[in-house]
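Okay, so here's the structure we're looking at.
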There are 2 protein chains.
Amino acid sequence: MNRVFNFSAGPSMLPLEVLEKAQKEFVSYGTTGMSVMEMSHRSKAYEEIIFGAEANLRELMAVPDNYSILFLQGGGSTQFAMVPLNLMNKNNKADYVKTGQWSKKAISEAQKYGKVNVVASSEDTVFNYIPTLDPSKFDKEADYFYMTLNNTIYGTHIPDSLIPNTNGVPIVGDMSSNILAERYDISKFGLVFAGAQKNLGPAGLTIAIVRNDLMGNAMDITPTMLKYDTHAKEKSLYNTPPTYSIYFAGLVFEWVKSLGGVDAMQKINEEKASILYDFLDNSKLFKGTVVKKDRSLMNAPFILPAEELNAKFIKEASAKGFVNLKGHRTVGGMRASIYNAMPIEGVKALVEFMGKFELENK
Amino acid sequence: MNRVFNFSAGPSMLPLEVLEKAQKEFVSYGTTGMSVMEMSHRSKAYEEIIFGAEANLRELMAVPDNYSILFLQGGGSTQFAMVPLNLMNKNNKADYVKTGQWSKKAISEAQKYGKVNVVASSEDTVFNYIPTLDPSKFDKEADYFYMTLNNTIYGTHIPDSLIPNTNGVPIVGDMSSNILAERYDISKFGLVFAGAQKNLGPAGLTIAIVRNDLMGNAMDITPTMLKYDTHAKEKSLYNTPPTYSIYFAGLVFEWVKSLGGVDAMQKINEEKASILYDFLDNSKLFKGTVVKKDRSLMNAPFILPAEELNAKFIKEASAKGFVNLKGHRTVGGMRASIYNAMPIEGVKALVEFMGKFELENK
């Protein structure tokens, strides 16, 4: 079976080179005589893997020394609780920017543990833009300031240039769908986190990057496993971490390095996105749903003028090997997720197919 | 590189047939044109995988219809919090049996959320036996009764025949190191859980089997992701589960079925364990550390008469391809973990090597 171009929002396409390398050493890794899956997480062979991955990620994202990189479990949904449980510890309140489904979930989870102040929202137009972040509305007493950096469902993003000055209030960024895809200055943040299943590797691994001074003051009710400092103290080896997923993510880090790092990756992503957005902007049939200035580099939702056409397009695209283009149920239409692992050829081929579809259906 | 016999306590040996099958379909699964790792968890192809795995596990363990099988994350350590957060909801107290490191951790986590009554302990002799469970000491008002069914570190187990009658108090069993290795009547339990990394597959997947009537009454402070009913309602698809690990565990379930199921597996495990224990009982040099009647089928700790001999044995064994035999730091000496995937040939070869070592070092 030939490989398809997989536009899934996550879990999603992984780099073919990485898959092939992992396949080759799947049953027996190096000279260990065992699969990485079978390795004790306390063995020397495995320590090389996890600490090597950590070092490469630190280099790629230019993570300063006063931040810990943690390999966790439970996805973004667990972070929605961990963030308030660990950080809402002074004034028991936080500022949130509401830009989609995931920030809504983060808000409702945080409300269990303290007071949430929504400082900006784009809910009025189904989250198809990034609201203005007006520092005069920020609470100087907030324990943290929370934002989703890329909105997978709605296809918007908040690039590094729009990270606001919060006057010392630590910024928490959900980077689940754009980690390693565009450059952020980590020193602007108190904490960023990302589920692995979009740009990093298999589902079941969550990365958190936490400024060290923010750890160690979790609420008393916090489960041990949900305290950041539990994992920071033990270098992510407090209990058995998701060992294979960390290994795989490590291979992806090496792959990103081999392409030139995050800045090079961002250039490629900008090129891929512009091919798709240029087509949408020039099409008389297809239409992007997001306000231009706020368009994500990763997720591009678009629609056709009729429901039947959407269905027809998705069906015909799938038959040609462009799969998982159906949009999220709250937006409808289509969504092309073009994460790091989607080659530029995949985007070009999709746009070519869209052009043909337009000719045949005008 | 030839594969070694890996006696690691976990992550540990996996069945070679399963590794080879997973390797073959690693880059492209069936006719999907993608790796299982790249599949949307909402896709039909993936639903077949996860629901198929669930059905096979239900059959293998004869899980009654009024129990949910959940695919979770976070390992046993997260269960130590989830159990009290979800079940300590009537009288805010529970009975615990203290048989090792893991029950100690479970106890100290539960104490954050309510009152713990330790009804039996074997801490007096470093947990080398299972204490008598005297129902007259059980609290009839306890919200649940907690026990570790196999003690990985100390090499003891509580077989199905010793599960006490708790007069309706739901029993919680930590089955992390003997799930699918010996038969338990699930209907005796309110909840069992197991990390995958010993008998099921890659680390990062946790199985919980929960009686349905016990869900839905978690404490208010419980994070959404730590409520069992969050996952039960959505068939483990509330958020992205560890998709690849579930797929791999599904292959292991099929492998256990192909060998004849849990009863057949238990017979093989009893044979493997008796080969090792018979040798230990007849040896003048090696000595098992556990009281005979309570010996685990999975983890066999043993010692030599001097520290230098332990070190010498571990070194020479490793050179011959018998790896990870070093005992846990709290017990010392050696430990051979012989989970389902350890072939009987591995145990025979180890015992043969031990015999030679004894001859050379008497």
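The values are calculated or read from the model by the stated rules, or taken from the named source; none is laboratory data. The structure presented is a predicted model; accordingly, all values stated were derived computationally and were not measured. No Cβ is skipped: glycine too gets one built from the backbone with ideal geometry, and neighbour counts run over all protein chains shown. Accessible surface areas use protein heavy atoms only, side chains included; no ligands, DNA or RNA. Shrake-Rupley method; radii C 1.70, N 1.55, O 1.52, S 1.80 Å.
Do any of A:LYS104/B:LYS104; A:LYS326/A:LYS348; A:LYS115/A:LYS235; B:LYS320/B:LYS362; B:LYS137/B:LYS227 go past 28 Å between their Cα atoms, and which? Long pairs (Cα-Cα over 28 Å): A:LYS104/B:LYS104; A:LYS115/A:LYS235; B:LYS137/B:LYS227. Whenever you get a sec, compute what percent of the accessible area on segment A:17-258 sits on carbon and sulfur atoms (1.4 Å probe). C and S atoms contribute 47 percent here.
Provide the net charge surrounding A:ASP139, with neighbours chosen by a C-beta distance below 11 Å and charges set as Lys +1, Arg +1, Asp -1, Glu -1. Local charge sum for A:ASP139: +1. One quarter of the surface of the convex hull around the alpha-carbon atoms of segment B:17-258 equals 12.8 nm², the direction-averaged projected area. Within straight-line reach of B:LYS21, meaning a Cα separation under 17 Å, sit the following lysines at least 8 residues removed in sequence or on another chain: A:LYS21, A:LYS24, B:LYS257. Over all other residues within a Cβ to Cβ distance under 14 Å of A:LEU16, the charged ones net out to -1, with Lys and Arg as +1 and Asp and Glu as -1. Each Cα pair under 8 Å and six or more residues apart adds its separation to the average, and for chain B the resulting relative contact order is 23 percent. Mean sequence separation of contacting Cα pairs (under 8 Å, at least six apart), scaled by the length of segment A:156-270, corresponds to a relative contact order of 24 percent. In summary, the aspartates and glutamates within cross-link reach of A:LYS272, defined as a Cα separation below 17 angstrom excluding same-chain residues under 8 places away, comprise A:GLU182, A:ASP263, A:ASP281, A:ASP294, A:GLU345, A:GLU352. Can you give the net charge of the other residues whose Cβ lies under 13 Å from the Cβ of B:THR32, counting K and R as +1 and D and E as -1? That works out to -2.
Multiplying the residue separation of B:THR31 and B:GLU270 by 0.36 nm and removing their Cα-Cα distance gives an extension gain of 82.0 nm. For the protein assembly as shown, the antiparallel share of DSSP beta bridges with both residues in that region comes to about 55%.
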